[in-house]
Amino acid sequence: MLHEPTMGLYLLREYLSENGFKVDVLDGTYQSFDDEEILKKAQNSRAIGFYAVYTNMPKIFKLASLIKQKKADTIIVIGGPNWPAGKEILIAEPAIDMVIKEDAEVSIESILSQLRDKGGLTPEIINGIFFRSGNDIIAPGNTACSVTPTRVISIQFEVPVAKKRVLKLITAKGCPNNCLFCPAPDWKELSKVEDTVKEIETAWCQGIDTFYIADENFCPPGLSDRVTLFCDLLKNSNIITRPINLKLFLEPHTPIPIIKYLSQVAYINAFVGFESFSDKSLAFFGKKNSRRQNLLFWDSAKKIGINILPGIIALHPFSTPEELLDLIHILTKYDALAWRLLIKKIDLYPGTGLLTKMKTEFPNLLKVDFLPFLRPSHWNYAYDQDLRNPVMASIEKAFTNLADDKTIKDVYSLMSDLSFMVMGKNDEMNERYNSIRSNFIIHTRELAIKIIRINKQYPYNNAEKKLEPSIAKYIETVNVIHEDFKNLFMALKEK
């Protein structure tokens with residue numbers, strides 16, 4: 001269901017296994033499971049948990065209902081970043097019993113302990129859990145106690161397309177940024193930097209050269225020394241005969257000398273949360289960085305040789321067509337992937353500062369507060385007629401449908417894996433990769449601009465019909481690009 005494995009599931013498995021519970025993780029990142037396979041694996045489980053984001057919520061609702069039909073006493077729990085909508089999830093899908101608030105270790109352990117020791121659950125479990133009791137929904141009291149491991153957590157994954165192993169690590173939990181639109185808990189370091197480097201060294205000796213540090217921000221404000229020490233230790237280790245491949249999360253406030261030092265010890269793919277390139281939108285999100293800082297960071301990183309994978313909230317309710325066009329030009333300038341970014345938007349999390357601010361400043365805007373969370377394909381509710389901005393709804397719908405296309409998913413996956421395979425090479429293969437990638441970006445940019453222009457010319461109900469030929473042509477082009485990427489992959493494999 002997700003492009004990258006989520007480490008939260010593996011943190012939970014490790015904690016619960018250490019406390020005597022049998023836990024299986026069914027991870028659909030690199031392996032597809034149909035409904036029958038999932039139901040078969042679920043039939044002997046007393047409790048089943050789902051990691052939920054808004055994009056997989058309809059699938060989870062369907063599976064939860066099917067599981068309950070086969071075994072009504074199964075306890076179904078949801079966790080993940082969208083927990084503030086816990087009450088709304090329970091109202092929307094009767095098959096779901098609980099929604100976990102924030103860190104789940106202690107809450108899940110309480111649930112499983114009651115099932116094991118008492119044979120059932122009582123409403124006493126309320127800290128950290130939205131709970132269904134008869135016809136009532138009990139909101140959580142305090143957040144459940146958080147358990148902080150004291151060592152780095154690492155999982156090896158086989159990436160089928162690239163036919164290679166990747167080590168994914170988590171060295172800190174939570175996020176230090178305190179953005180208005182996100183309920184992430186505070187940042188906590190799990191282990192010393194020395195232990196992280198030792199873990200990388202061990203994996204390197206096993207033939208792994210690609211590493212993914214999944215911390216929300218590898219260089220929190222005021223903790224640059226942590227990254228400097230990481231680079232020092234990596235640079236002086238016994239294993240580095242050439243730079244490793246490293247994916248990590250950074251923020252635009254990361255000092256330039258720090259990213260320069262990182263680039264000296266690894267080939268870096270950095271996920272960077274720019275959020276927006278509009279000063280007005282950045283201020284509304286509660287971000288302290290500016291458009292100028294964002295562009296300066298990206299420009300500096302590009303010159304240093306770091307590949308930036310930007311996180312941008314392109315479809316928030318107050319985005320204008322002009323802001324979107326400006327964003328598309330920025331993405332084109334820096335040769336960034338556009339189609340996947342354009343399906344990103346704010347989930348209007350209940351209880352967060354951003355939703356409160358929206359309700360206060362724009363009381364007529366939100367017709368149905370949680371509709372996009374429960375049914376993400378229906379987004380046109382969010383645009384008040386006074387804003388004259390229904391264009392965003394069609395863009396979101398068009399690109400969400402495209403994102404579900406199997407060929408486009410494969411293109412993105414191939415593009416990501418090939419970026420590692422050609423990294424550091426200055427040969428014909430690298431030129432072929434960049435040429436195919438640029439072709440994909442150019443056609444995506446053209447489609448995005450076409451969507452914007454058609455939506456400005458035609459009423460919302462007519463725009464979708466007018467877009468059909470452009471979208472069909474785009475998919476035909478992507479099929480050709482897909483074949484080009486597959487041929488390049490085979491050529492690199494033979495080489």
Filter segment 164-208 down to the residues that are part of a strand (DSSP E or B) and at positive phi and list them by number. none
Is it the case that segment 304-321 has a residue that's in contact with a Pro (Cβ under 8 Å, 6 or more places away or on another chain), closer than 26 Å to P185 by Cβ and either buried (at least 19 other Cβ atoms within 10 Å of the Cβ) or of a type outside the set (K, R) (or both)? no
Matching residues in segment 242-275 - criterion: being in a helix (DSSP H, G or I) and over 18 Å from L296 (Cα atoms): Q264, V265
Looking at segment 179-198, is at least one residue closer than 20 Å to R165 by Cβ, surrounded by fewer than 19 Cβ atoms within 10 Å (Cβ to Cβ) and modelled with pLDDT of 85 or more? yes
Looking at (1) closer than 30 Å to G86 by Cβ; (2) assigned to a strand (DSSP E or B); (3) among the aromatic types (F, W, Y), can you tell me which one F211 breaks? (1)
Kindly indicate whether any position in segment 43-54 is at pLDDT below 85 and buried (at least 21 other Cβ atoms within 10 Å of the Cβ). yes
Across (1) among the acidic types (D, E); (2) at pLDDT 85 or above; (3) not in a helix (DSSP H, G or I), E216 clears everything bar (2)
How do the pairs read when you match residues in segment 287-298 that are more than 9 Å from F274 (Cα to Cα) with residues anywhere that are at pLDDT 95 or above, using Cβ under 6 Å and keeping only pairs 6 or more apart or on different chains? none
Aliphatic (A, V, I, L, M) and either at pLDDT below 85 or surrounded by fewer than 18 Cβ atoms within 10 Å (Cβ to Cβ) (or both): which single residue out of L2, L63 fits that description? L2
I'd like to check something: does segment 242-264 contain any residue that is among the β-branched types (V, I, T), free of Cβ contacts under 8 Å to residues at least 40 places away in the same chain and within 25 Å of D417 (Cα to Cα)? no
Write out, first by first residue and then by second, each pair whose Cβ atoms fall under 9 Å of each other, whose residues are 6+ apart or on separate chains, and whose first residue, in segment 47-72, is in the same structural domain as K22 (by TED's automatic domain parsing) and more than 24 Å from F21 (Cα to Cα) while the second is among the hydroxyl-bearing types (S, T, Y) and surrounded by fewer than 16 Cβ atoms within 10 Å (Cβ to Cβ). P58/S377
Could you tell me whether any residue of segment 306-319 is within 30 Å of W204 (Cα to Cα), over 23 Å from the mean Cα position of the chain (by Cα) and in a loop (DSSP other than H, G, I, E, B)? no
The condition from (1) polar (S, T, N, Q); (2) surrounded by fewer than 20 Cβ atoms within 10 Å (Cβ to Cβ); (3) modelled with pLDDT of 90 or more that N238 misses is numbered (3)
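The values are calculated or read from the model by the stated rules, or taken from the named source; none is laboratory data. As the structure is a prediction and not an experimental result, all values here were calculated from the model. Methodologically, a virtual Cβ is constructed for each residue, glycine included, from the backbone with ideal geometry; neighbour enumeration extends over all protein chains shown.
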